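*Asks:* Quick one: the structure is below, questions incoming.
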Amino acid sequence: MTRPETDVGGLLLRWASELGSGSLAELKRGAAWLARSENLPVAQGAAGRWIRDCQSLGHLDVDWRSGRWCVAPGVLTRLPSADGLAALAGSRTIGFEEHVRRAESEDLALIRVPSTLPETDIPVPETWLVPYGESAGLAETAEALGVEHSGCFAIQAAAWLPALAPGPSAAAPAFRSVVEKYCLTAEPPAFAPVRRWEEDGLYRFRRDDHRLVCQILREGSWYGVSQERGVYLELDRLGTEPRKNLRWFQEEGQGRERFGRLIVDWGKPLPDLQRRIAVMCTALPPEFGKKYRTITYRNVPRAVAERIAESLRQELGGRDD
């Protein structure tokens with residue numbers, strides 16, 4: 001089955017941009033409905049993955065625990081050492097797209113890169129790249145497009161990454177809750193039902209409002225946490241050695257010694273902020289390798305990869321391991 005000619009990802013982002021904010025359940029229903037109407041052969045959970053990918057690409061801000069989302073403000077951000085390219089991220093209302101078409105009709109050389117995700121996923125919006133000669137001119141381009149100029153998000157945000165820590169205090173699972181504990185030693189790592197939850201670890205269960213949540217237990221106290229952050233908290237607690245679940249491999253080519261591929265395992269994906277930083281090194285979704293079950297982010301500066309690893313209490317592995 002071939003993909004439809006409709007730009008599904010772009011249409012969904014335009015709809016979300018016009019809405020501005022809302023519940024995740026509503027956004028998932030809208031994405032799933034459009035996928036069905038276009039006869040896309042998407043797999044289960046594709047709508048949720050589309051939201052996650054748009055969050056990583058800087059289009060949406062998501063609060064998974066409260067079940068809410070909002071569209072991110074439009075920005076023009078430089079990519080780290082990417083041959084003079086900046087990316088447009090955030091809101092894409094009809095009015096903004098008219099600004100872009102007007103600029104293209106004058107002198108804006110916009111590069112549109114289509115989605116490269118598997119056919120079982122809902123396509124993400126096209127990546128819009130703006131070539132530039134001198135970074136000083138990007139502020140003027142951003143103003144003409146009605147967006148903010150944010151410098152280089154990936155490098156700036158990496159410098160301010162907070163240290164990994166548990167979230168806010170949370171209530172214990174309700175009586176008779178079906179509780180699952182995350183097992184890092186399983187292959188692949190996965191949640192499994194448990195009858196008792198007295199040991200420290202990462203758990204998930206449904207709250208009274210039926211929303212599935214993850215929490216960690218530490219010395220009798222419960223804390224809210226995302227699944228991704230919880231996995232790295234568990235890796236740190238268990239002292240897994242070597243702590244090199246993130247690997248960085250240098251690119252080939254003269255002058256590219258400080259840039260490379262950042263690779264993580266499917267079972268240990270990056271948390272939201274770290275994932276957005278890695279993605280915004282190219283403004284493209286990561287590559288998913290089925291053979292070795294890995295996720296690859298490209299054009300990541302070594303310094304950015306080290307900051308991501310440090311924020312997750314990991315050592316950065318690589319070719320010399």
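The values are calculated or read from the model by the stated rules, or taken from the named source; none is laboratory data. What you are looking at is a predicted structure, and each value in this text was computed from that prediction instead of being measured. Methodologically, a virtual Cβ is constructed for each residue, glycine included, from the backbone with ideal geometry; neighbour enumeration extends over all protein chains shown.
*Asks:* Return a yes/no flag: does the stretch 76-99 have any residue that is of a type in the set (Phe, Trp, Tyr) and surrounded by 14 or more Cβ atoms within 10 Å (Cβ to Cβ). Steps first, answer last, please.
*Replies:* Just the residues of the stretch 76-99 that are of a type in the set (Phe, Trp, Tyr), to begin with: 96.
Pick out the ones that are also surrounded by 14 or more Cβ atoms within 10 Å (Cβ to Cβ) and you get 96.
Scanning the stretch 76-99, I find at least one residue that is of a type in the set (Phe, Trp, Tyr) and surrounded by 14 or more Cβ atoms within 10 Å (Cβ to Cβ), so the answer is yes.
*Asks:* Where the second residue is modelled with pLDDT of 95 or more and among the hydroxyl-bearing types (Ser, Thr, Tyr) and the first is outside the structural domain of THR93 (by TED's automatic domain parsing) and lies in the stretch 1-23, which pairs have Cβ atoms under 8 Å and are six or more apart or on separate chains?
*Replies:* Correct list of pairs: ARG14/THR93; SER17/SER91; SER17/THR93; GLU18/THR93.
*Asks:* If you don't mind, there's one more thing I want to ask. Find all pairs meeting these conditions: Cβ atoms under 7 angstrom apart; at least six residues apart or on different chains; first residue within the stretch 146-163 and assigned by TED's automatic domain parsing to the domain that holds ALA87 and modelled with pLDDT under 95; second residue surrounded by fewer than 15 Cβ atoms within 10 Å (Cβ to Cβ) and assigned to a helix (DSSP H, G or I).
*Replies:* Pairs that qualify, where the first residue is assigned by TED's automatic domain parsing to the domain that holds ALA87 and modelled with pLDDT under 95 and the partner is surrounded by fewer than 15 Cβ atoms within 10 Å (Cβ to Cβ) and assigned to a helix (DSSP H, G or I), are HIS149/ALA139.
*Asks:* Follow-up. Would you please list the contacts, defined by Cβ atoms under 9 Å and residues six or more apart or on different chains, that run from a residue in the stretch 112-138 that is without any contact (Cβ under 8 Å) to a residue 12 or more places away in the chain to a residue that is part of a loop (DSSP other than H, G, I, E, B) and surrounded by 13 or more Cβ atoms within 10 Å (Cβ to Cβ)?
*Replies:* GLU134/GLY84
*Asks:* Can I ask one more? With respect to the numbered conditions (1) part of a loop (DSSP other than H, G, I, E, B); (2) surrounded by 11 or more Cβ atoms within 10 Å (Cβ to Cβ); (3) under 25 Å from the mean Cα position of the chain (by Cα), which one is the sole condition not fulfilled by GLU187?
*Replies:* Only one criterion in (1) part of a loop (DSSP other than H, G, I, E, B); (2) surrounded by 11 or more Cβ atoms within 10 Å (Cβ to Cβ); (3) under 25 Å from the mean Cα position of the chain (by Cα) is unmet by GLU187, namely (2).
*Asks:* Are any residues in the stretch 286-303 within 20 Å of LEU164 (Cβ to Cβ) and touching a strand residue (DSSP E or B) at 6+ places or on another chain (Cβ under 8 Å), and if so, which ones?
*Replies:* Of all residues in the stretch 286-303, those within 20 Å of LEU164 (Cβ to Cβ) come to 295, 297, 300, 303.
Correct list: ILE295, TYR297, VAL300.
*Asks:* Can you find a residue in the stretch 120-131 that is charged (D, E, K, R), surrounded by fewer than 19 Cβ atoms within 10 Å (Cβ to Cβ) and at pLDDT 90 or above? Steps first, answer last, please.
*Replies:* Here is the first cut: in the stretch 120-131, the ones charged (D, E, K, R) are 121, 126.
From what's left, surrounded by fewer than 19 Cβ atoms within 10 Å (Cβ to Cβ): 126.
Okay, now just the ones that are also at pLDDT 90 or above, so 126.
So far as the stretch 120-131 goes, yes, one or more of its residues are charged (D, E, K, R), surrounded by fewer than 19 Cβ atoms within 10 Å (Cβ to Cβ) and at pLDDT 90 or above.
*Asks:* Continuing with this model, one more query. How many residues does the stretch 157-184 hold that are assigned to a loop (DSSP other than H, G, I, E, B) and not hydrophobic (A, V, I, L, M, F, W, C)? Lay out the reasoning, then the answer.
*Replies:* Of the stretch 157-184, the ones assigned to a loop (DSSP other than H, G, I, E, B) are 160-168, 171-178, 184.
Narrowing further to those that are not hydrophobic (A, V, I, L, M, F, W, C): 162, 166-168, 173, 176-177.
Qualifying residue count, the stretch 157-184: 7.
*Asks:* Continuing with the same structure: Which pairs do you get when a residue that is in the same structural domain as HIS210 (by TED's automatic domain parsing), found in the stretch 174-199, comes within reach of a residue that is surrounded by 11 or more Cβ atoms within 10 Å (Cβ to Cβ) and part of a loop (DSSP other than H, G, I, E, B), reach meaning Cβ atoms under 6 angstrom, with the pair 6+ apart or on two chains?
*Replies:* VAL179/PRO173; VAL179/TRP197; PRO188/GLY267; PRO189/GLY267
*Asks:* Given the condition at pLDDT below 90, surrounded by fewer than 17 Cβ atoms within 10 Å (Cβ to Cβ), farther than 30 Å from LEU284 by Cα and acidic (Asp, Glu), answer yes or no: does some residue in the stretch 207-215 qualify?
*Replies:* Checking the stretch 207-215: at least one residue is at pLDDT below 90, surrounded by fewer than 17 Cβ atoms within 10 Å (Cβ to Cβ), farther than 30 Å from LEU284 by Cα and acidic (Asp, Glu).
*Asks:* Another question, if that's okay. One residue is enough: does the stretch 59-70 have a residue meeting the conditions of a type in the set (S, T, N, Q) and surrounded by fewer than 13 Cβ atoms within 10 Å (Cβ to Cβ)? Reasoning before the result, please.
*Replies:* As a first pass, look at the stretch 59-70 and keep what is of a type in the set (S, T, N, Q): 66.
Now narrow it down to the ones that are surrounded by fewer than 13 Cβ atoms within 10 Å (Cβ to Cβ): 66.
Yes, the stretch 59-70 contains at least one residue that is of a type in the set (S, T, N, Q) and surrounded by fewer than 13 Cβ atoms within 10 Å (Cβ to Cβ).
*Asks:* Considering only the stretch 122-138, I want to know if a residue exists there that is under 28 Å from ILE308 (Cα atoms), in a helix (DSSP H, G or I) and in contact with a Leu (Cβ under 7 Å, 6 or more places away or on another chain).
*Replies:* yes
*Asks:* Against the condition at pLDDT 95 or above, more than 23 Å from ALA303 (Cα to Cα) and in a strand (DSSP E or B), how does TYR203 come out, does it pass?
*Replies:* Values: at pLDDT 95 or above: yes; more than 23 Å from ALA303 (Cα to Cα): yes; in a strand (DSSP E or B): yes.
Considered against the rule, which asks whether it is at pLDDT 95 or above, more than 23 Å from ALA303 (Cα to Cα) and in a strand (DSSP E or B), TYR203 comes out as yes.
*Asks:* Looking only at the stretch 132-181, count how many residues are farther than 19 Å from LEU57 by Cβ and under 21 Å from the mean Cα position of the chain (by Cα).
*Replies:* Number of matching residues: 8.
*Asks:* Right, something else. Taking the stretch 253-271 as the region of interest, how many residues are modelled with pLDDT under 95 and either of a type in the set (S, T, N, Q) or closer than 18 Å to PRO162 by Cα (or both)?
*Replies:* 2
*Asks:* How many residues are in contact with a Phe, Trp or Tyr (Cβ under 7 Å, 6 or more places away or on another chain) and touching a residue at least 40 places away in the same chain (Cβ under 8 Å) if we restrict to the stretch 25-57?
*Replies:* Qualifying residue count for the region: 2.
*Asks:* Hey, can you tell me all the residues within the stretch 225-277 that are in the same structural domain as ARG293 (by TED's automatic domain parsing), in a helix (DSSP H, G or I) and buried (at least 21 other Cβ atoms within 10 Å of the Cβ)?
*Replies:* GLN274, ARG275, ILE277
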